[in-house]
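The values are calculated or read from the model by the stated rules, or taken from the named source; none is laboratory data. Computed from a predicted structure; not experimentally measured. Virtual Cβ from ideal backbone geometry, glycine too; neighbours counted across all protein chains shown.
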Amino acid sequence: MRVVVTGGAGFVGSHLCERLLAAGHQVHCLDNLLSGRAENVSALSRQSGFAFEQVDVSERCDVIGPVDAVLHFASPASPVDYLRHPLATLRVGSRGTENALELARQKQARFLLASTSEVYGDPEVSPQPESYWGQVNPIGPRSVYDEAKRFAEAITFAYRRSQAVDTRVVRIFNTYGPRMRPNDGRVVSNFIVQALSGEDLTVYGDGSQTRSLCYVSDLVAGIIAVLEQAPEAPGASGPINLGNPVEMTVEAIARLVLELAGGRSRIVRRPLPEDDPKRRCPDIRRAQRLLGWTPQVAARDGLERTIAFFRAELAAAAPVAAALGGRA
Ligand code: UDP
């Protein structure tokens, strides 16, 4: 297959490109590098089946030649990123999704939308099944992401119904692993970088809010399984939750990172961000039944691998930081 991946230089997108290439597909990656990084795909660029184009898919999303699948992963996804770029986030969820769907329609390609557990907002039911419609504050600060993704789901289903595009929607729950940016502001990257730098771990609120952490290789395996489903397979359109159902409090995540990373950091409290969801846990029975997919990597194991990645990143950055500091 020839696959277009929007947001292919991002954290999840780059792992997806890598897996698709390894499976023998050709990959055309589109990314405006707002939250993605060119170095995420620099190793892939040396492979003949890979092409990278720096472009904002909210403005244009066209590719020359045949395309078999369009995977729409372009969007800021960390709260810190989407709060910093509210309009770009709304644009890529709306215009960007429409442009990517148009590409799929013109090329008669399959379309897969990276949606999110944020469509459930601050949920009143837990775990969250796909049948739950969510509780989103439409004017709160997080709405730029939540409502953009809800719109993205709506337009994807409208293209399916009115334009006969073969579409799929996955709802991604908190994912972590190598290639997260050290400063992306998310809970796992923050805690690991803080622990490795000897800084205090910043738990927001009382730390009793929960998240369910999915290691990136598990997520990518689920995405590929959804992509490969035959159009006539039951439930192929989704939406389908992809996440690890092991629910942890943020306080417990902080303690586990401290235990695994070592060091002498303490846990400190910081204010809880507005509309921060109190519970988040995927009901993955649909994915288990339809795809035979279940996450394999336990938090302890995945966090160890992610800590090793950040240790190397920080070590590589240290001489540069020292040199810059020396010049200043
Ligand atoms: N969080 C925290 N300390 C941090 C970063 C995040 O306590 O340094 C909390 C945050 O308030 C939320 C959870 O961890 O309850 C997950 O936050 P993240 O930004 O990773 O993503 P979210 O799941 O909210 O989209």
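Of these, THR202, THR210, THR175, THR156, which one is within 11 Å of the ligand (Cβ to nearest atom), in contact with a Lys or Arg (Cβ under 9 Å, 6 or more places away or on another chain) and under 21 Å from TYR120 (Cα atoms)? Outline the logic, then answer.
On the way: THR202 fails: under 21 Å from TYR120 (Cα atoms); THR175 fails: in contact with a Lys or Arg (Cβ under 9 Å, 6 or more places away or on another chain); THR156 fails: within 11 Å of the ligand (Cβ to nearest atom).
Going through THR202, THR210, THR175, THR156 in turn, just one is within 11 Å of the ligand (Cβ to nearest atom), in contact with a Lys or Arg (Cβ under 9 Å, 6 or more places away or on another chain) and under 21 Å from TYR120 (Cα atoms): THR210.
Between ILE307, ILE284, which is away from the ligand (no atom under 14 Å from the Cβ) and touching a Gly at 6+ places or on another chain (Cβ under 7 Å)?
Numbers: ILE307 fails: touching a Gly at 6+ places or on another chain (Cβ under 7 Å).
After ruling out the rest, the residue left standing is ILE284.
Would it be correct to say that ARG186 is of a type in the set (D, E, K, R), under 30 Å from VAL70 (Cβ atoms), within 12 Å of the ligand (Cβ to nearest atom) and surrounded by fewer than 23 Cβ atoms within 10 Å (Cβ to Cβ)? Quick ask: steps written out before the conclusion?
Working: of a type in the set (D, E, K, R): yes; under 30 Å from VAL70 (Cβ atoms): yes; within 12 Å of the ligand (Cβ to nearest atom): yes; surrounded by fewer than 23 Cβ atoms within 10 Å (Cβ to Cβ): yes.
Against the criterion (of a type in the set (D, E, K, R), under 30 Å from VAL70 (Cβ atoms), within 12 Å of the ligand (Cβ to nearest atom) and surrounded by fewer than 23 Cβ atoms within 10 Å (Cβ to Cβ)), ARG186 qualifies.
Would you call VAL250 closer than 30 Å to LEU272 by Cβ, β-branched (Val, Ile, Thr), at pLDDT 95 or above and touching a Pro at 6+ places or on another chain (Cβ under 8 Å)?
Values: closer than 30 Å to LEU272 by Cβ: yes; β-branched (Val, Ile, Thr): yes; at pLDDT 95 or above: yes; touching a Pro at 6+ places or on another chain (Cβ under 8 Å): no.
No; evaluated as a whole, the condition is false for this residue.
Can you confirm whether ARG168 is buried (at least 18 other Cβ atoms within 10 Å of the Cβ), more than 10 Å from the ligand (Cβ to nearest atom), among the basic types (Lys, Arg) and at pLDDT 95 or above? Talk me through it step by step, then tell me what you get.
Numbers: buried (at least 18 other Cβ atoms within 10 Å of the Cβ): yes; more than 10 Å from the ligand (Cβ to nearest atom): yes; among the basic types (Lys, Arg): yes; at pLDDT 95 or above: yes.
Considered against the rule, which asks whether it is buried (at least 18 other Cβ atoms within 10 Å of the Cβ), more than 10 Å from the ligand (Cβ to nearest atom), among the basic types (Lys, Arg) and at pLDDT 95 or above, ARG168 comes out as yes.
What residue, among those in segment 244-273 that are on the phi < 0 side of the Ramachandran plot and small (Gly, Ala, Ser), is farthest from the chain's Cα centre (by Cα)? Step through it out loud before you land on a result.
Narrowing segment 244-273 to residues on the phi < 0 side of the Ramachandran plot: 244-261, 264-273.
Within this subset, residues satisfying the condition of being small (Gly, Ala, Ser) are 252, 254, 261, 265.
On the way: ALA252: 22, ALA254: 21, ALA261: 24, SER265: 28 Å.
Checking each candidate, the answer is SER265.
Does segment 292-304 include one or more residues that are assigned to a helix (DSSP H, G or I), within 17 Å of VAL187 (Cα to Cα), touching a Cys at 6+ places or on another chain (Cβ under 9 Å) and touching a residue at least 12 places away in the same chain (Cβ under 8 Å)?
yes
Can you name the strands (runs of 3 or more DSSP E) wholly within segment 6-125 that have at least 3 residues being under 27 Å from ASN190 (Cβ atoms)? Explain how you work it out, then say what you get.
Numbers: elements: 26-31, 50-54, 69-72, 110-116.
Result: 110-116.
I'm told ILE224 meets every condition in (1) surrounded by fewer than 22 Cβ atoms within 10 Å (Cβ to Cβ); (2) within 25 Å of TRP133 (Cβ to Cβ); (3) more than 16 Å from the ligand (Cβ to nearest atom) except one. Can you identify the failing condition by its number?
(2)
Which of the following residues is among the polar types (S, T, N, Q) and away from the ligand (no atom under 16 Å from the Cβ): SER162, SER197?
None of the others qualify; the one that does is SER162.
Do you know which of the residues in segment 137-176 that are part of a loop (DSSP other than H, G, I, E, B) and of a type in the set (A, V, I, L, M) is nearest to VAL12 (Cα to Cα)? Reasoning before the result, please.
Looking only at segment 137-176, we keep the residues that are part of a loop (DSSP other than H, G, I, E, B), and these are 137-142, 164-166, 173-174.
Those left that are additionally of a type in the set (A, V, I, L, M): 139, 164-165.
Details: ILE139: 28, ALA164: 28, VAL165: 24 Å.
Among residues in segment 137-176 that are part of a loop (DSSP other than H, G, I, E, B) and of a type in the set (A, V, I, L, M), the one nearest to VAL12 (Cα to Cα) is VAL165.
Select from segment 221-243 the residues that are under 19 Å from the mean Cα position of the chain (by Cα) and not in a helix (DSSP H, G or I) and list them in ascending order.
Keep residues of segment 221-243 that are under 19 Å from the mean Cα position of the chain (by Cα), which gives 221-227, 238-243.
Result: GLY238, PRO239, ILE240, ASN241, LEU242, GLY243.
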